[in-house]
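What follows is a set of notes on a single structure, which appears directly below.
The values are calculated or read from the model by the stated rules, or taken from the named source; none is laboratory data. What you see is a predicted model, and the numbers here were worked out from it, not measured in a lab. Ideal geometry is used to build each Cβ from the backbone, glycine not excepted, and the neighbour counts take in all protein chains shown. Side chains included, ligands, DNA and RNA excluded: accessible areas come from the protein's heavy atoms. Shrake-Rupley method; radii C 1.70, N 1.55, O 1.52, S 1.80 Å.
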Amino acid sequence: MKKTIAKTMGKAHAKNNRSIALIGFMGTGKTTTGALLAKQLEFQFLDTDAIIEDCQGQNIAQIFNENGEAYFRKLETETLKRLLLNDRQIIATGGGIILSEENRRLLKTHSYLVCLTASPELIYERTKEETTRPLLLSPDPKAQIKKLLADRQEYYQIAQLTINTNELDPDEICKKILFNYRQS
Ligand code: S3P
């Protein structure tokens, strides 16, 4: 009997250490939510874009301009592989990380995977003042958002949990993630 309890507790403990990865389109709140969630769970917070920028000594726009999107995507995969080796992390990913089949497999295998969504209108409102996202520097950013969302929709569906953030603040989003993570 004692053995069974110890075994069950051990398993539950290991499960509660599992890293959580946040995927979702630009402007859906992955970084804000991830940082808050990490605080609440006392996990380490990591952001793939920020790590790539630190390692390269350049911001995302510079990397895209100087070396192109394909080069950035390679850096994304390298970074993800490294990060997913560890438990007890909240990993906020760049919106396009799910474009690579390898990344999708890595995320599904090594993390509790959560997708944040928002309407194209809200994404536009949240991102319109920023100049840091090269893929949205288009003459018609609204149309570009809709097109990219449509292209990527099926990939975002790999998540175990999807949360529409339109009506939620970061605290409410964290509550939903924590509830489902603990049940998973
Ligand atoms: C991208 C999203 C960005 C960043 C890069 C490309 C994308 O990250 O990785 O500009 O392809 O959707 P955020 O989703 O954090 O803005």
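For Arg82, the solvent-accessible surface computed with a 1.4 Å probe is close to 120 Å², ligands and nucleic acids excluded. Taking GluC sites (Glu not before Pro) in DSSP loop states with no more than 12 other Cβ atoms inside 10 Å as exposed sites, the chain has its longest site-free stretch at 43-128. For the chain, a simple Cβ point-charge model (Lys and Arg +1, Asp and Glu -1, everything else neutral) yields a dipole of about 1280 debye relative to the Cα centre.
For the chain, the share of accessible area belonging to carbon and sulfur comes to 51 percent (1.4 Å probe, ligands and nucleic acids excluded).
Assuming R0 = 22 Å, what is the FRET efficiency of Leu99 and Asp54, from their Cβ-Cβ distance, to the nearest 0.05? Calculated value: 0.50. Dipole orientation for the stretch 96-184: of the candidates Tyr156, Asn103, Gln144, Asn103 has the Cα lying most toward the positive pole (charges on Cβ; Lys, Arg +1; Asp, Glu -1). What the Cα convex hull of the stretch 68-139 gives, in volume per residue, is 117 Å³. By the compact-protein rule of thumb, 2.2 N^0.38 Å, the alpha-carbon radius of gyration of the stretch 107-184 corresponds to a ratio of 1.25. Binning the alpha carbon pair distances of the chain at 10 angstrom intervals from zero yields the distribution 9, 36, 36, 13, 4, 2, 0, expressed in whole percent.
Contact order, relative form, for the stretch 1-153: 35 percent (alpha carbon pairs under 8 Å, 6 or more residues apart, mean separation divided by residue count). Calculated accessible area for the chain comes out at 56 Å² per residue, all protein chains present (probe 1.4 Å; ligands, DNA, RNA ignored). For the chain, the longest principal axis of the Cα atoms and the long axis of helix 101-110 meet at an angle of about 30 degrees.
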